Structures are given as structure tokens and as C-alpha cells.
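A.B. asks: Sharing a structure below in C-alpha cells format, with a few things to ask.
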Amino acid sequence: MPILFITDTIEWVPSSGPEVGMLRHRAFVAGREGWDGSPLCVIRAFHNGEFVPGKLAIQHQAAYIPHAGREVPVHNFEVLCASSHAVRWLPGSNGQVPVGAIPAGNTHNGEPLYIGRVTHMNSVTPGKVHPSHGCCYISFNGGEVAHKSYDVLCRIVG
């Protein structure tokens, strides 16, 4: 009988648009597109001096981050690969994050940014929790949309 190993690792894998198909079975699925049900995964990308969490639509080979009021397309990024045994979603609001929240980026002055997700227009979309702004931002339909209530991706501790 084969031995099954369950890993609790959380890792960021460098990628770009054409390579994302290779990560299809490893990328952490954080949500779904409302219009076609395709998976949305978590990424982070460097942009204008910040390391920003965002979303990857593997099926559409498109990655975006929410930044400065816009949905910014990115072509070089890191994809979150994590076992469902290593993480869980916990509620957050008004910029607060629970114990175990996974820092996934930072602003130009060093403030940590966390992985959040919200339900918006029938999509469950990952984005960034920006604590000092008191919200989770997602990129959606060309813009950056703020939500005061959201889920936060946390490492399972204990």
C-alpha cells in the first residue's frame, strides 16, 4: 500500500502568464469567478515599490492586483501553493486580522498586507487586507473595490 504524505507547507512559487498551467494542481484556490465558476488563486506581485497580494485566473491565464483604485494586470508574480491542511479562512473586518493571518506583502513603508477574500457580484475574489485602510481591497472589472468585512487566510496553528 502506498504511503500518503500530507504536507503543511505554505510556499510562494515564482511564475509568469505562460507558465501558470503547470501550477494548476498546486496553486491554492481561494475563490471562483461568478460568470463561469473558474477557480481564482492567490498571487503576489511587486508593483510601484509594494509587494501586493492579488488574484490569478489560471483558466484565463490572467493575474491582477488591486492598486491605487485600479485592477492592475501583472505578468511576473508568485503563486501561493498551500495544502488545505495548512490554512483556513477566518472572518475579519475593518482592517483587523486574526491570529495566524499570513502576511503576503507590504506597502512601500513596510506595513504588512494580508490575504483576504470577499464575495462581490457573485464572485468569491481574493485580494489584499490593508490594515491601516480598514478594509480588504479586491481587483474587479478594471477597478479596486473596498470591503469592510472579509475572510482572512490564516495558518493553522496548534
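The values are calculated or read from the model by the stated rules, or taken from the named source; none is laboratory data. These figures come from a predicted structure and were not determined experimentally. Because the Cβ atoms are built from the backbone with ideal geometry, glycine has one as well, and the counts that use them run over all protein chains shown.
A.B. asks: Confirm whether ALA57 is touching a residue at least 12 places away in the same chain (Cβ under 8 Å), out of contact with any Ser or Thr (no Cβ under 8 Å at 6 or more places or on another chain) and of a type in the set (A, V, I, L, M). Break it down into steps so the answer makes sense when it comes.
C.D. replies: On the way: touching a residue at least 12 places away in the same chain (Cβ under 8 Å): yes; out of contact with any Ser or Thr (no Cβ under 8 Å at 6 or more places or on another chain): no; of a type in the set (A, V, I, L, M): yes.
Here the answer is no, as ALA57 does not meet what is asked.
A.B. asks: Only one residue in GLU111, GLU19 is on the phi < 0 side of the Ramachandran plot and either polar (S, T, N, Q) or modelled with pLDDT under 95 (or both). Which one?
C.D. replies: Details: GLU111 fails: either polar (S, T, N, Q) or modelled with pLDDT under 95 (or both).
Every option except GLU19 fails the conditions.
A.B. asks: So, one more: Against the definition (at pLDDT 95 or above, more than 22 Å from GLY49 (Cβ to Cβ), over 13 Å from the mean Cα position of the chain (by Cα) and buried (at least 19 other Cβ atoms within 10 Å of the Cβ)), how does SER123 come out, yes or no?
C.D. replies: Numbers: at pLDDT 95 or above: yes; more than 22 Å from GLY49 (Cβ to Cβ): yes; over 13 Å from the mean Cα position of the chain (by Cα): yes; buried (at least 19 other Cβ atoms within 10 Å of the Cβ): yes.
Criteria met by SER123.
A.B. asks: Quick one: in the stretch 126-158, of everything that is assigned to a loop (DSSP other than H, G, I, E, B), farther than 25 Å from TRP35 by Cβ and of a type in the set (Gly, Ala, Ser), which residue is modelled with the highest pLDDT?
C.D. replies: GLY134
A.B. asks: Among the residues of the stretch 86-124, which ones are closer than 21 Å to VAL13 by Cβ and touching a Ser or Thr at 6+ places or on another chain (Cβ under 8 Å)?
C.D. replies: Listed by number, the residues that qualify are ALA86, LEU113, ARG117.
A.B. asks: Follow-up. Which of the residues belonging to the stretch 78-97 are on the phi < 0 side of the Ramachandran plot, surrounded by fewer than 20 Cβ atoms within 10 Å (Cβ to Cβ) and either among the hydroxyl-bearing types (Ser, Thr, Tyr) or not in a strand (DSSP E or B) (or both)?
C.D. replies: The answer is SER83, SER84, HIS85, ALA86, SER93, GLN96.
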